[in-house]
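Below is one structure; the comments refer to it alone.
Nothing in this text is a laboratory measurement; each read-out follows from the coordinates by a stated rule. This is a predicted model, so every value here is computed, not measured. Cβ sites come from the backbone with ideal geometry, for glycine too, and all protein chains shown count toward neighbours.
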């Protein structure tokens, strides 16, 4: 689905994957936000499942990513406002908002900025703050090839680096590298810089009301589960946190453990605790 | 831009694609002799069928042993994934049928393996797919042969029978300008000598029957996707990948995965409907061979170099076609694109025509007389008395073969034994002529 948003990006096309299904008014909505240097396709399996099981799926390509045109936005706050505008444009009513890595920071900021919009929040592979190593940040500008190799090295569990893939016949690290190569020059740097600069995470977490899933992977070197403690402490007393740690995967868990990620998201989306609007 | 490798080629050849199974802890890749896989429940079954979950349903479409092979060759070649097929021919056909239907057109190298030439020249036209053949080094000819309906450029890394070296970087530029993918048959080089995807190709096929397996016991083919072709940016040339497919729940493969669209369609349609899948037994045997691929290719190249050096000076030998020789027209290109060696297959021409070729072949004891290449054992064939025996002298010359041409696939035997065998056969030629 291709749409135009109002505002300063009105001249640009926004692409949203809907899991090959039409959006229906009487269905709940899941909004999937991808991470740095990626596009909607990182959610291919999970979003397709939701779309074929009674949910509207909105999985946008962020500005400048994938099929969406325009410049990459430069801060998590701008990206969050863009997501809010997108949700309003598509008439998404109280969606489950799911984000991975940078997408998780965006989702967190969306929940803080527009708490009335979000019914449930699922943060996949997140830490707050999310500093980016200077060497990596520099290489996103000066040597993309090196940046992609570093990201892959930190994003995949040892098993995925050389061992078997969860998706038969697919070389997961190469797939990720090609996806990053596909983005326009400057996009990955803008994304990484936005993650690095985002200082509002704890404040945003303190304003979250309602159910929130923190989904981590034990072998994630990019956003390790043990680094989640400050974020957990920052959540407000009214936030209802669910924590799940996948044992085998790394940061790229949607492709490394696609079924486990789906099961965690699906259980969270449909659990009695989260079936209604937050109080 | 090439793909970063997570380990050296010899390490990948031993480990890529496999994790010791968590139940039995077996180190070797198990052979999953099963046609089908038990679903957890109806819901699990439906989600597997609808590509909402990853996993195996039926071994025609995927199999855990085959998946190890697919992921291993993809890791070695720098591809995003691969599909194992029943043969190299099946892999080539799968690539073509995924990209085009009736009305499609291919520009292909004239220096192809006979089986591939037959498919393109005689069989596919019956289904509305035409091919224009161009000499591998005639780059202007490649450009000129591209038509609005052209959907693929295709050549072999090292051609048959003259060992022409395909200028992959140059053809990749031609393909990119025309927004058409370049497919390279890398059977004779294997990832140990050349990775066409690193040089700009988009797709690779291997006859795994040859050097990858190395033992000559299993037929198999592999189709590798570089994930580096922009299907959506091709001006609507590939509707099989960029438009909803009614045959798979309306899936738009390029939307589902802009990078892996080709492999999705090839597996979900091509393997499903044409059914040229690989037996897991063959996959296991090819994997066993691949574990020693690096060591073997070094030895194949070393032995081939020794035999070429021996033959090129021999008074009964008219010429030797081997790109590492300065006399070969592609010598410079080979030095640039094949710095580790030009493989283990070469041909040479005997003085004395058909009779000399037949005498030579019949006197060999270590070399086996048969129609194959890439075995651990040395192989020889005399085209004028076997594969091309009905052809006249002129027709043979048009195909780049003389009446005295002999093709050798140099194996791993002791070099001195191979040289002794060649000398024995050459002596027989001399004796027959006197």
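What value, in deg cm²/dmol to 500, does the helix sum -39500 (n - 2.57) over DSSP H runs of n ≥ 4 give at 222 nm once divided by the residues of chain A?
It lands at -11500 deg cm²/dmol.
Report, as a whole number in µm² per second, the diffusion coefficient that Stokes-Einstein gives for region A:119-199 at 20 °C and 1.002 mPa s using the Kirkwood radius over alpha carbon pairs.
D, rounded to a whole number, is 152 µm²/s.
Using the C-alpha atoms of region B:224-383, what convex hull volume per residue, in cubic angstrom, is computed?
In region B:224-383, the Cα hull volume divided by residue count equals 196 Å³.
Could you tell me which of rounded, prolate or oblate describes region B:9-290, using a ≥ b ≥ c as the square roots of the eigenvalues of the alpha-carbon gyration tensor, with rounded for a/c under 1.5 and, failing that, prolate when a/b is larger than b/c and oblate otherwise?
Oblate.
With the contact rule set at Cα under 8 Å and sequence spacing of 6 or more, what percent relative contact order holds for region A:144-279?
For region A:144-279, the relative contact order is 30 percent.
How high is the relative contact order of chain A, in percent, with contacts defined as C-alpha pairs under 8 Å that are six or more residues apart?
With pairs under 8 Å counted, the relative contact order is 19 percent.
Rounded, prolate or oblate: which one fits chain A, using the alpha carbon gyration tensor with axes a ≥ b ≥ c (rounded when a/c is under 1.5, else prolate when a/b beats b/c, else oblate)?
Here chain A falls in the rounded category.
Just subtract the alpha-carbon distance of residue B:46 and residue B:365 from 0.36 nm times their residue separation and send over the number in nm, one decimal.
109.0 nm
Pull out the extension gain between residue A:3 and residue A:218, defined as 0.36 nm times the separation in residues minus the alpha carbon to alpha carbon distance; nm, one decimal.
So the chain would gain 73.6 nm between residue A:3 and residue A:218.
Kindly identify region B:276-366 as rounded, prolate or oblate by the Cα gyration tensor criterion: order the square roots of the eigenvalues as a ≥ b ≥ c, call it rounded if a/c is under 1.5, otherwise compare a/b with b/c, prolate if a/b is larger, else oblate.
Cα axes put region B:276-366 in the oblate bin.
How long is the gain from residue B:23 to residue B:313 if the chain were fully straight, where each residue apart is worth 0.36 nm and the alpha carbon distance is subtracted?
Extending this stretch completely gives an extra 98.5 nm.
Given a cut-off of under 8 Å on Cα pairs at least six residues apart, what relative contact order in percent is computed for region B:9-290?
Result for region B:9-290 is 23 percent.
What is the distance in Å between the Cα centroid of region A:107-152 and that of region B:4-40?
Value for the Cα centre distance between the two parts: 32 Å.
What residue among B:237, B:44, B:300 shows peak mean-square fluctuation when chain B is described by a Gaussian network model with Cα springs under 10 Å?
B:44
Once you average over the residues of B:80-86, how many Cβ atoms of partner chains fall within 10 Å of each Cβ?
For this peptide, the per-residue mean of nearby foreign Cβ atoms is 4.
Between residue A:141 and residue B:394, what FRET efficiency follows from the Cβ-Cβ distance if R0 is 41 Å, with the result rounded to 0.05?
0.10
Would you mind getting me the FRET efficiency between residue B:243 and residue B:179? Use the beta-carbon distance for r and R0 = 25 Å, nearest 0.05.
E between residue B:243 and residue B:179, to the nearest 0.05, is 0.90.
How far apart, in nanometres, would the label points at residue B:2 and residue A:241 be if each is projected 7 angstrom from Cα along the Cα-to-Cβ direction?
So the label points at residue B:2 and residue A:241 sit 4.6 nm apart.
Just for the Cα atoms in the protein assembly as shown, what are the lengths along the principal axes, largest first, rounded to whole Å?
So the extents along the principal axes, rounded to whole Å, are 104, 53, 49.
Pick out which of A:98, A:124, A:245 has the largest mean-square fluctuation in a Gaussian network model of chain A, springs linking Cα atoms closer than 10 Å.
A:245
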